[in-house]
Each structure stands twice: as C-alpha cells, then as structure tokens.
Amino acid sequence: MAKLDTITLSVIQAALQQVCDEMDLTFSRAAFSPVIAEANDRSDGIYSAVDGSLIAQGSQGLPVFVGVMQYSTKTVIEMIADGRCLPPEPGDIYIVNDPYLGGTHLMDVRFAMPVYRDGKIFCWLSNTGHWPDIGGSVPGGFSASATAVEQEGLRLPPVKLFKQGVLDREIYAIICSNIRVADQRIGDIRAQAAALLIGQDRLNGILDRYGDETVVEAIAELRRRAAEQMRANISAIPDGIYRSKAFVDSDGVVNEPLTIALAVEKQGDTLSFDFSGSSKPCAGPMNSVLATTLSSVYLAMRHIFPDVPISAGAFEPLIVKRPEGTFLDAKYPRPVSGCAAEVSQRIAEAVFAAMVQALPDKVTAAPAGSSGNFALGGNDPARGRDYVMYQISGGGYGGNAGHDGLSNGCSTIGISKSPPVEIMEQAFPVLYRHYA
C-alpha cells in the first residue's frame, strides 16, 4: 500500500479524473445518437458507496449533471437498502430516468453500476446520456403543451437493465415498446454500459497500484480540501444578503412569466440560497425538480470559482433552502421537460445576478439563457424508416470585467456542441440552407 503524501495525493486525483474522462470519451465514441456522439450531451462520474456523493466527474461531462447524478445514485442506494430495488451483484447496471428521484427531464437516462472489491461495493460508477426520444406525446419529449409528466414519456424507477453483465431482454423490451425509433437505442445503451465497464477496469488499475485504503484516504482528503478551498473563496465575500430575479417567459401553457426570486445570504464561510419568493408550480413543462435546482446552483458557483475541484466537498458550504411550493421543487405529476434545458439556466442566471453584486470582477453578465433545443420527428421516405432528430444551438455569453462576451457559445449548464451540419444531413432527412 502506497503512503499518502502530497505527490501521491495529486497523482490519485489526476488518475480519478482520467477515469471519468475516459468514460466520457468511450461513451461519445461508441454512441449511435448525434446528440451524444457529437453534441456530448452526457456525463460520467465516480460516486460514494455510502451515500452516492460525488467523488469525481469528467472534465468534458455536462456540468448540470454534476449535482444531479449524485442524487440519482443516492436514490438507487436508498431504494436497495429499503427493499424497493433488487440488491446488486457484480456486473449489474441499474437504469433510471425518474425526474422526481434525483433527475432532470425524462430524456436524460442514467445508468449506475457498483464496483466491487473483495466482495464489497467500493463505489458506484454512474453516467447520464440524453436519449433522442423516450416516448410521450411528441417526438423528442419536449412537449410545450404538456400538463403532466406522462405526456412527456416513459418514466423509469431504478431497475436492473443488466444482470451480472447480461442485458435483461424483458426490461429492454418494455423500454423499446414505449419509445420511438427503438431499434436505434441499443447502440446508445451498449455505449453507455461500455463507458461504465471501461471506468471499472481503469479504477481497478488505480486500486491495484496504490491500494484500496490509500485511495479511500485520498478521496476523503480531496473532499476535505475542496470544501476548504470553497470556504476560503466564500470568506472573501462581504457578509450580507444579495438579491436578484430572473424570468422564464412562460410555461408553454399559460402565457404569463415565471419569476425566479433569489436571496443569497453570505455569513462567514457559507452561502445560503433562498428561492422562496419564486412563482408557484406551473401548469406547463417549465417546472424544475429539486435535484436540477440544486445542481444549477452548484454549476453557477463553479463558473464563479472554477479553481475549486469538482467533488461533493465543493458543495458543502453551499446551503440551498428547499424551495417548497414553487416551480423550482416540482412534485409528481408536474411536467418537467424544460427543467434542464431552460429553467436550470435561468437559475444559474439568478445566481450570477446576485453574486455580481459581491464579486463584480468574477461574475459575467447574463448569458443567452437557453439551450436552443430543437426536436423534429417523422418518417424518412428515402430510407423507409421513422426518425427523431434533436439539435442544440449555442447562444451569447455576457461580458465580464476583463473580457468581452462570447458569441455562439454553449449554454451555461453544459459544454455541448452543435452537431456538425454534415452529420445531421447524413443522419436525418433535413437540408440546412443557412447556419450561423
């Protein structure tokens, strides 16, 4: 077993990051859908065996998933503990997309796999990929007129999709019977599972080299240091309450704006976020589940303090009061398809608007605030098959004290790219006349 000195700690930190980066790369390279393979609407990470808290996440993973996946992994662990899920065995992979169980919208499908060492779970590997379709009333799942989550698609609680490394054909058949272009999903499913298997292999290599106890010690130390670094950054902010508001134009059903009202209280080395003055739950799909709201706050603070390493420790000084009774804490059966693509960005915008009052040299002006989602589906007569196309478009970033804004950048919640025009024209019956 290696001794945990400063150099060993740094090497293990980089190695864990590399595991996640390689999972991300495997997922994108093996995936069938352009939204994953080209736009990189996916993320992979390593999570605690005890409570699902974040240990490491890929540098090229979608930032909005930074908090979300630890909550969905925690849900899997809790449901196994109380008997609502079958207990895991080596090679098992759980699938879940339920927004109310630590998720985002239904199209973001999560896999979770336990990693065993000496017969015990050492940690969990989890990932998320945006599936182009998950059923529902419209292709792509983004129904602007949805008034219940069932209209948005198939909702899956945590169930085993792979049992001891073998695809469960019955669960797979149920999924395929409820989504469009089902024959194409096996490519994304295999890619998503392959990413976890690569992660397991690489992680075992690290554990074999340094020893389980040393890596466990390193993980605890990295979490402690991340919390300490975030607290040091917060301590430099003047004590006080910083208020802001952001808006969503409408929920798609009722033509009235939704208000995100935020009060950030800085006291000592902690920040408390209170959204209690925000609009009530809405009729349309612009509700946000709690996990997405929390993750949006975390990613906004990561924009402000990018030097803090990604781990659960970085979030410990950030206290988010649960916004009960608002559209930022949606309960079943509220529709939520807009939560990750739209509402999460307005939440981040509200955080920026509050924190710029305290940190004018660190915070940018408001960004475009939208992922520019576009979903299209139908029948392709040339190929004689159905299709579902999903595209993300960039927008502008506000300037800051030292730099101009960015034109046509990715959204604040992600690092997703607009898929190449040539790929989209090859995969779908579309022709781009102009692109800018």
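Report the residue count in the range 409-422 for those that are hydroxyl-bearing (Ser, Thr, Tyr), crowded, with 18+ Cβ neighbours inside 10 Å and either touching a Ser or Thr at 6+ places or on another chain (Cβ under 6 Å) or at pLDDT 85 or above (or both).
Of the range 409-422, the ones hydroxyl-bearing (Ser, Thr, Tyr) are 411-412, 416, 418.
Filter once more, so that each one left must be crowded, with 18+ Cβ neighbours inside 10 Å: 411-412, 416.
From what's left, either touching a Ser or Thr at 6+ places or on another chain (Cβ under 6 Å) or at pLDDT 85 or above (or both): 411.
Of the residues in the range 409-422, 1 are hydroxyl-bearing (Ser, Thr, Tyr), crowded, with 18+ Cβ neighbours inside 10 Å and either touching a Ser or Thr at 6+ places or on another chain (Cβ under 6 Å) or at pLDDT 85 or above (or both).
Within the range 254-276, residues that are among the basic types (Lys, Arg) sit with their Cβ atoms under 6 Å from residues that are outside any strand (DSSP E or B), at 6+ positions apart or across chains, in these pairs: LYS266/ILE237; LYS266/ASP239. Of the residues making up the range 300-319, at least one is in a strand (DSSP E or B), at pLDDT 95 or above and not small (Gly, Ala, Ser). There is at least one residue in the range 219-237 that is over 30 Å from ARG117 (Cβ atoms) and touching a Ser or Thr at 6+ places or on another chain (Cβ under 9 Å).
Taking the condition surrounded by 18 or more Cβ atoms within 10 Å (Cβ to Cβ) and either within 24 Å of VAL149 (Cα to Cα) or modelled with pLDDT of 95 or more (or both), does GLY372 pass?
Working: surrounded by 18 or more Cβ atoms within 10 Å (Cβ to Cβ): no; either within 24 Å of VAL149 (Cα to Cα) or modelled with pLDDT of 95 or more (or both): yes.
Answer is no for this residue.
Looking only at the range 216-234, residues that are in contact with a Pro (Cβ under 7 Å, 6 or more places away or on another chain) and of a type in the set (Lys, Arg) come to 1 in all.
Looking at VAL138, is it buried (at least 16 other Cβ atoms within 10 Å of the Cβ), over 20 Å from the mean Cα position of the chain (by Cα) and in contact (Cβ under 8 Å) with a residue 12 or more places away in the chain?
On the way: buried (at least 16 other Cβ atoms within 10 Å of the Cβ): yes; over 20 Å from the mean Cα position of the chain (by Cα): yes; in contact (Cβ under 8 Å) with a residue 12 or more places away in the chain: yes.
Spelling it out, VAL138 is indeed buried (at least 16 other Cβ atoms within 10 Å of the Cβ), over 20 Å from the mean Cα position of the chain (by Cα) and in contact (Cβ under 8 Å) with a residue 12 or more places away in the chain.
Test ALA173 against the stated conditions and say whether it is surrounded by fewer than 21 Cβ atoms within 10 Å (Cβ to Cβ) and over 26 Å from PHE315 (Cα atoms). Steps first, answer last, please.
Details: surrounded by fewer than 21 Cβ atoms within 10 Å (Cβ to Cβ): yes; over 26 Å from PHE315 (Cα atoms): yes.
Yes: the conditions hold for ALA173.
Quick check, is GLY369 part of a strand (DSSP E or B) and farther than 24 Å from ALA220 by Cα? Show your work before the answer.
Details: part of a strand (DSSP E or B): no; farther than 24 Å from ALA220 by Cα: yes.
No; evaluated as a whole, the condition is false for this residue.
For first residues located in the range 9-35 and touching a residue at least 40 places away in the same chain (Cβ under 8 Å) and farther than 13 Å from VAL215 by Cα, partners that are in a helix (DSSP H, G or I) and of a type in the set (Asp, Glu) and lie 6+ apart or on another chain with Cβ distances below 6 Å form the pairs ALA31/ASP188; PHE32/ASP188; SER33/ASP188.
Of the residues making up the range 391-402, one or more are in a loop (DSSP other than H, G, I, E, B) and touching a Leu at 6+ places or on another chain (Cβ under 8 Å). Looking across the range 266-323 at every residue that is in contact with a strand residue (DSSP E or B) (Cβ under 6 Å, 6 or more places away or on another chain) and aromatic (Phe, Trp, Tyr), the one that is nearest to SER48 (Cα to Cα) is identified as PHE273. Among the residues of the range 372-387, the ones that are under 21 Å from HIS130 (Cα atoms) and part of a loop (DSSP other than H, G, I, E, B) come to 2 in all.
The set of residues from the range 176-203 being farther than 29 Å from PRO285 by Cβ, surrounded by 15 or more Cβ atoms within 10 Å (Cβ to Cβ) and among the charged types (D, E, K, R) comprises just one member, ARG202.
Results for (1) touching a Lys or Arg at 6+ places or on another chain (Cβ under 8 Å); (2) at pLDDT 90 or above; (3) crowded, with 18+ Cβ neighbours inside 10 Å, shown as yes or no for each residue.
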| residue | (1), (2), (3) |
| --- | --- |
| PRO381 | no, yes, no |
| GLY399 | no, no, no |
| SER407 | no, no, no |
| MET424 | no, yes, yes |
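The values are calculated or read from the model by the stated rules, or taken from the named source; none is laboratory data. As the structure is a computational prediction, the values presented were derived from the model and not from experiment. Don't worry about glycine lacking a Cβ; one is built from the backbone with ideal geometry, like all the others, and counts go over all protein chains shown.
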